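Chemist: Below: one structure in structure tokens.
Every read-out reported here was derived from the displayed coordinates using simple, explicitly stated rules and does not represent laboratory data. Remember, predicted model here, so these are calculated numbers, not experimental data. Glycine gets a Cβ as well: all are built from the backbone with ideal geometry, and neighbour counts include every protein chain shown.
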Amino acid sequence: MIVIDPRKIDMVKSAHRHLQINIGTDIALINALIRIILKEGLYNPDFIFKYTNDVEVLREKVELYTPEYASAITGISPEDIIDTAREYAGAGSAMIAYTLGITEHHCGVNNVFDIGNLALLTGNIGKKGSGIMPLRGQNNVQGAGDMGCLPNQLPGAMSIVKEENRLRYEKEWKVTINKEVGDTQTRTFDRLEAGELKAMYVIGENPLMADVHMNHTKKLLEKLDLLIVQDIFLTETAELADVVLPACSWGEVDGTYTNTDRRIQRVRKAVEPHPNTKEDWKILCELSTKMGYQLDYHNSEEIWDEIRRLAWEMYGGISYTRLDQEYSLHYPCPDESHPGTLIMHERFYQEGMEASKSPFIPVDYTPPLELPDKEYPFMLTTGRRYESYNTHSQTKYYANGVKLKQTEETVDIHPQDAAMLKIENAETVLVESRRGEVKVKAKITEQVVPGLVFMSFHWSEVPTNVLTLNEFDPVSGTAEFKACAVKIRKLDE
């Protein structure tokens, strides 16, 4: 197991190698790995010929990324880069599991493309024990996207721009569906700032705490004529709302969850709902009916069965009855005789199947958009604490069974930097960026390297995202949470 992380996280204890990479230099590392694999012939030419396109374009793009050149950018030794390339390519089957450290950059989409390049080059696609596993920040993120919460998709992960997909849903729903792709959250906030949007409806999210440049986000939310929040707790965002719609929690509802590996499971009501709350789908049905479009489902199974009918290629065979009997099923599962698809793309290797070719998408390294300088000498990267859930609304006050190892926010700083600043452990310091400042206790630790500091965004008392950079990936709209320049100073007594 190889861990690639700027910090010495707990998983490093179980790893046989830790590549303690400089923030935002993933593409330089991956391109170097690809170059070594190509130069040393550590790939199967028959696989590349049969299943891929544009390998020569990839070869040309990575030529610059020698181990020495990549080492100067990433901070990882040339020897470790070479050994990692040989081990990954020679493993037979290898999986890349990545998290928000890959996607929460201005080049997050390119980071993902390059991971795809590396897995495809080595044939680690479509076979057991291999592949690419994007680990989610919360449960059912995959399910939410699959059910139409992505701006470019209809339920069933069907593209909204394809007329045949829209016609399928229009016939069922007796409406005309707008063929234009919707906005990401980032572009929605841009339109809000421009005065194009007057109202916002937030369901199960806490953008005031979770989004970058918190002070800016708060001004935008306060600018709205109408803010509606549907949630299970009065979050920081809900406190700004004109209307709060109290929803049931996960333990009070029936439905399904979809794992990141496409595995669908049933969830069943464990306790009776809190009085004066409703399930999310019931709230939406009642609102829709009041606005003139009748929605009268009776339970979550009716909604699921409609999805199965309309997106049968994905879900046709996954009934509540089968889920009760078999515990879980992986989509695509088009009919009730289908066992589910445990491994994606596997069928393309089978004899008699037409080969499906995937193009390589070569990308270049681009540095973080805000680097440390004389005035702001430290690089701040943000993330999560082990037990704390997202913006902490479900774990801080209400989950008595959760024992938090860390009960307040800290700025994690290397002993060398703490000594230079004459900071003691647990001393309150001021962390400032070009966008804001927070008071926070220092935690002196060798989990970070000199020049790098780490904070999470869980605690409202220390709103870390007043510091983070208001820059985004142009394709996905994901913010650059992982890199911004800060300065740290002792507070006057």
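Chemist: Extent of the range 141-339 along each principal axis, from alpha carbon coordinates, in Å, largest to smallest?
Modeler: Its Cα atoms span 54, 43, 34 Å along the three principal axes.
Chemist: Using Cα pairs under 8 angstrom and six or more residues apart, how large is the relative contact order of the chain, in percent?
Modeler: Relative contact order for the chain comes out at 17 percent.
Chemist: Looking at Val57, Ser130, Gln20, which one has the Cα that reaches farthest to the positive end of the dipole of the range 2-135 (charges on Cβ: Lys, Arg +1; Asp, Glu -1)?
Modeler: Ser130
Chemist: Please go through the residue pairs Lys198/Lys219; Lys218/Lys290; Lys278/Lys405; Lys13/Lys439; Lys13/Lys374 and name each one whose alpha carbons sit more than 23 Å apart in this structure.
Modeler: Those over the limit are Lys218/Lys290; Lys278/Lys405; Lys13/Lys439; Lys13/Lys374.
Chemist: If you take the charge dipole of the chain about its Cα centre, with +1 on Lys and Arg Cβ and -1 on Asp and Glu Cβ, which of Ser356, Pro450, Leu371 is farthest toward its positive end?
Modeler: Result: Pro450.
Chemist: Could I ask something else about it? Which aspartates and glutamates, on any chain, are close to Lys422 with Cα under 15 Å apart, when same-chain ones fewer than 8 places away are left out?
Modeler: Lys422 reaches Asp412, Asp492, Glu493.
Chemist: Further question on the same structure: Quick one: dipole size for the chain, taken about the Cα centre, charges +1 on Lys/Arg Cβ and -1 on Asp/Glu Cβ, in debye to the nearest 20.
Modeler: 420 debye
Chemist: Next question. For Thr122, Thr407, what ranking results if the residue with the fewest other Cβ atoms within 10 Å of its Cβ goes first?
Modeler: Ascending number of Cβ neighbours within 10 Å: Thr407, Thr122.
Chemist: What is the magnitude of the charge dipole of the range 141-339 about its Cα centre, with +1 placed on the Cβ of each Lys and Arg, -1 on the Cβ of each Asp and Glu, and no other charges, expressed in debye to the nearest 20?
Modeler: 280 debye
Chemist: Reachable lysines from Lys61, Cα under 16 Å, same-chain residues fewer than 8 places away excluded?
Modeler: Straight-distance partners of Lys61: Lys39.
Chemist: Around Glu180, what is the net charge, scoring Lys/Arg as +1 and Asp/Glu as -1 over all other residues with Cβ under 14 Å from its Cβ?
Modeler: +3
Chemist: If the reach is capped at under 16 angstrom between alpha carbons, list the aspartates and glutamates near Lys179, excluding any in the same chain fewer than eight residues apart.
Modeler: Within reach: Glu163, Glu164, Glu170.
Chemist: With unit charges on the beta carbons (Lys and Arg positive, Asp and Glu negative) and the dipole taken about the Cα centre of the chain, which residue among Asn259, Phe189, Ile303 sits farthest to the positive side?
Modeler: Asn259
Chemist: Please state the charge dipole magnitude for the range 75-170, taken about the Cα centre, from unit charges on C-beta atoms (+1 on K and R, -1 on D and E), reported in debye and rounded to the nearest 20.
Modeler: Charge dipole of the range 75-170: 360 debye, to the nearest 20.
Chemist: Another question, if that's okay. For the residues Thr289, Thr74, Thr217, what sequence is obtained by ranking on other C-beta atoms within 10 Å, fewest first?
Modeler: Thr289, Thr217, Thr74
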